[in-house]
1. To the nearest 20 debye, what is the magnitude of the charge dipole of the range B:57-192 about its Cα centre, counting +1 on the Cβ of each Lys and Arg and -1 on the Cβ of each Asp and Glu?
2. Output the pairs from B:152/B:172; A:195/B:181; A:152/A:172; B:152/B:190 with a Cα-Cα distance over 23 Å in this structure; if there are none, say none.
3. In the range A:118-167, what residues drop by 30 Å² or more of accessible area when the other protein chains are put back, versus the chain on its own? Use 1.4 Å, and skip ligands and nucleic acids.
4. Taking a label point 7 Å from Cα toward Cβ, how far is residue A:141 from its twins in the other copies, in nm, shortest first?
5. So what are the radius of gyration and Dmax for the Cα set of the protein assembly as shown, in Å?
6. Would you mind pulling out the separation of the Cα centroids of the range A:1-80 and the range A:130-166, in Å?
7. Can you work out the accessible area per residue across the range A:9-51, with the rest of the protein chains kept in place, probe 1.4 Å, in square angstrom?
8. Looking at the range A:1-78, which trypsin sites (Lys or Arg not before Pro) are in a loop (DSSP not H, G, I, E or B) and have at most 14 other Cβ atoms within 10 Å?
2 protein chains.
Amino acid sequence: MARTIGSHSGKTGPRVRDAAMHLFAQRGFAAVSMRQIASEVGVQVGALYNYFPDKQTLLFELMRDHMLELLSAIHDKPETTPSSRLEVFVRFHITFHHKRPDAVFIAYMELRNLSPQNFEEIEALRRRYETVLEDILRAGLEANEFQVADTKITTLAIIAMLTGVSSWFRSKGRLSIADIKNQYWEMVQKSVCPKY
Amino acid sequence: MARTIGSHSGKTGPRVRDAAMHLFAQRGFAAVSMRQIASEVGVQVGALYNYFPDKQTLLFELMRDHMLELLSAIHDKPETTPSSRLEVFVRFHITFHHKRPDAVFIAYMELRNLSPQNFEEIEALRRRYETVLEDILRAGLEANEFQVADTKITTLAIIAMLTGVSSWFRSKGRLSIADIKNQYWEMVQKSVCPKY
DNA sequence: TAGTTAACTGAACACTTGTTCAAAACCAAG
DNA sequence: CTTGGTTTTGAACAAGTGTTCAGTTAACTA
């Protein structure tokens, strides 16, 4: 046997990426073998190498695509009030991450498995995202709408808190994702507001 | 050669654990081989098996010991005010985790590499720790000192935020760990306080 | 100092790892 | 229906995996 019926790179490529994403998220990059990915797709190992040069690049592309999606999905509107910009950010972050639990998990857990070069590229994208939030906090600070000791720290604190949601939230749970968004928005809002 | 000069289980055991902890934190459990650990200790692979039955148990013991240390170090004082209990908790969490970056990293990243049985045991310990915080929040709620929509969610949000510190804090940075603690305490305090 | 125990070596086990590539079989265009 | 290009197989590669254990030597005990 060689080429199989119905085989087409436009189909197999995405299926490989999906399978890799799922397996990496579930078991971790280092714990997943190329043969396991291939088997999930229903193909032999060798076939995978039509779609990327090596395992490292596969991981990198998954993470990069996720970060690019994230950056192109967030639309901050600097003309509105800092408070409403912050609310939009909080709700957006939870929504976006909730829809992609696997990608989120990988993006935060597999950084150390990137080559130094690839790591730098992903880190740069992450900093760009953090800057969106930090700009909002700075604007709120200047407008006396917020009171925060340090915008950089507050940025990291808020993002850590929001991202934590995807580590425990399950749709079957007691609360809906809408409840979660409301509660997190309230907490964030209070944590940055001036003490009367 | 066989037994080496100066060899003693009271020395080698801890050195093995230290080396494993460091390597697991840096590269991840699945990416570290027994031979790499042995080489770090300056010993042959076989010698490691004097100290644990297999790699899985080594990981488990590292995580379990960390959680037990955490639980025995936190001393909540229910007789004091909820607000001061919360402050003690926040400062304690940051201090404790800051002193053990490797153990923290492993405890939060390698859960999926535990066998189901070992996972359950670690999870139970983690829930016990979360309960300490949740009890404080509940007490504050009943005393009308705090205003939170859901103590469970707030617990997870606060812990995620606090634990995030160890993922970016470096002693060489702009801010001291004391600054960090003050700022986080202020954020947490505001996020749970009643709206004026 | 002799005998016992504890600690480690070194080699081996059977398997898995990422990656390569000629050959085979499919698909699409002329 | 043939030709040319695309996609996959199947086998192979060298290196690395966790784990075991008989044999050897250091440390301790009497």
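The values are calculated or read from the model by the stated rules, or taken from the named source; none is laboratory data. Computed from a predicted structure; not experimentally measured. Here the Cβ positions follow ideal geometry from the backbone for every residue, glycine too, while neighbour counts run over all protein chains shown. Each accessible area value is taken on the protein alone, full model and side chains, heavy atoms only, with ligands, DNA and RNA left out. Shrake-Rupley method; radii C 1.70, N 1.55, O 1.52, S 1.80 Å.
1. Values: 17 positive and 19 negative charges, 109 e Å.
The dipole of the range B:57-192 has a size of about 520 debye.
2. B:152/B:172; A:152/A:172, as the Cα separations exceed 23 Å there.
3. Residues losing area: A:149, A:150, A:153, A:156, A:157, A:160, A:161.
4. Output for residue A:141: 3.3 nm, nearest copy listed first.
5. Here Rg and the maximum Cα pair distance are 23.1, 75 Å.
6. 32
7. With all protein chains present, the range A:9-51 gives 54 Å² per residue.
8. A:3
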